[in-house]
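A short reminder: the numbers here are calculations on the coordinates, not readings from a lab. All values derive from a computational prediction rather than experimental measurement. Here the Cβ positions follow ideal geometry from the backbone for every residue, glycine too, while neighbour counts run over all protein chains shown.
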Amino acid sequence: MTSRAVTSLANPTVKAVRALHLRKAREETGLFVAEGLKIVTEAVELGHAPAILLHGREASDHPLLAKAAAAARAAGGEVVEVTREILAKVSRRDNPQAVVGVFRQRFTALADLVPAAAPAWVALHRVRDPGNLGTIVRTVDAAGGGGVILVGECCDPFSVEAVRATMGSIFAVTLARADEAAFAAWRAAWPGSVVGALLSATTDYRAAGYRAPSLVVMGNEQQGLPPEMAGLCDVSVKIPMRGRADSLNLAVATGVMLYAAIG
Ligand SMILES: C[S@@+](CC[C@H](N)C(=O)[O-])C[C@H]1O[C@@H](n2cnc3c(N)ncnc32)[C@H](O)[C@@H]1O
């Protein structure tokens, strides 16, 4: 496959992709970076065409790259062969992937979510850690959940770190965001159980009587779930802490809750 070749770090396309490490640039452009031919291929299969596709010469003859490039070009995207140095700078890694895709962010409006489309969904209040958020997106995908609703001020699901942690599930899971007031109003019409995960709860997480579609509500890494969010839930539950640890990591707790809700 032949693509336009770029060797300069000062090239405007290369600079634009590098800038996507900054949240401001992602918000202004609505774009984000996903790395690796496998993940780019999965994205294309799920209907996400790359707006920009960068690849090293070593990937040029890979048939999957040809497919991704065709999808990018058909959608008016740019396909560029770059040096290993450029790939390393773009990825901020000494050992970069040979393919980097730039994609359009997709958020679904709360009003457009279809709760009955999945047995469970996750709402995260003020999630801070991109690794946790990415792992939760991956877990929702793996468990057969519908999506993640980001409530309040959260970290960016489209940061490079979060996207890496999703392992490609960023393209398969519905994402929505809302402030606390919009979430409270929308939750009022939720057709199934709304279950909060709360360390001070007394009900065991397996005894919540999950009625599909369940909405599992998780708290922030430091502060936990505040009373105003717990108050929106039908029931608050606790996962037993049997050792010295006083809580589970947020992503681990979300996984436990999701599998309990889905069965
Ligand atoms: C790291 S914990 C927060 C710890 C925080 N210091 C607190 O007091 O809640 C992050 C979130 O994971 C969930 N979580 C963690 N361990 C849990 C447990 N044993 N039972 C229920 N929820 C838990 C809760 O939603 C919590 O808000």
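With n ≥ 4 as the cut-off for DSSP H runs, can you work out [θ] at 222 nm for the chain, using -39500 (n - 2.57) per run divided by the number of residues, rounded to the nearest 500?
Value at 222 nm, helices only: -9500 deg cm²/dmol.
Can you tell me the length gained on complete extension of the stretch LEU248 to ASN11, counting 0.36 nm per residue apart and subtracting the Cα distance?
Stretched out fully, the LEU248 to ASN11 stretch lengthens by 80.8 nm.
If the cut-off is 30 Å between C-alpha atoms, which lysines fall inside it for LYS38, apart from same-chain ones fewer than 8 positions away?
Within reach: LYS15, LYS24, LYS67, LYS89.
Using a Förster distance of 45 Å, how high is the FRET efficiency between ALA75 and ASP234, based on the Cβ-Cβ distance and rounded to 0.05?
In this case the efficiency is close to 0.55.
Just to confirm the filter: which chymotrypsin sites (Phe, Trp or Tyr not before Pro) across segment 1-107 are DSSP coil and have at most 15 other Cβ within 10 angstrom of their Cβ?
PHE107
Largest first and in whole Å, give the semi-axes of segment 4-104's equivalent ellipsoid, each being the square root of 5 times a Cα gyration tensor eigenvalue.
Ellipsoid semi-axes (Å, largest first): 18, 17, 12.
Over what distance in Å are the Cα centres of segment 49-82 and segment 126-193 separated?
Centre-to-centre distance over Cα atoms comes out at 29 Å.
Using mean Cβ contacts within 10 Å as the protection proxy, how do 88-100, 219-231 order, highest first?
Going from most to least packed, we get 88-100, 219-231.
If R₀ is 51 angstrom, what is the calculated FRET efficiency for the pair VAL256 and HIS21, using the beta carbon separation as r and rounding to 0.05?
0.95
Using per-residue counts of other Cβ atoms within 10 Å, averaged over each peptide, order 198-207, 54-63 from highest down.
Top of the packing list down: 54-63, 198-207.
Percent of Cα-Cα pairs per 5 Å bin, from 0 to the last occupied bin, for the chain, please list those.
All Cα pairs, binned at 5 Å, distribute as 1, 6, 13, 16, 17, 13, 10, 9, 7, 5, 3, 1, 0 percent.
In percent, how large is the relative contact order of the chain, given Cα pairs closer than 8 Å and 6 or more residues apart?
Relative contact order here is 19 percent.
Quick one: compute the contact order of segment 4-104, relative version, from alpha carbon pairs under 8 angstrom and 6+ residues apart, as a percent.
40
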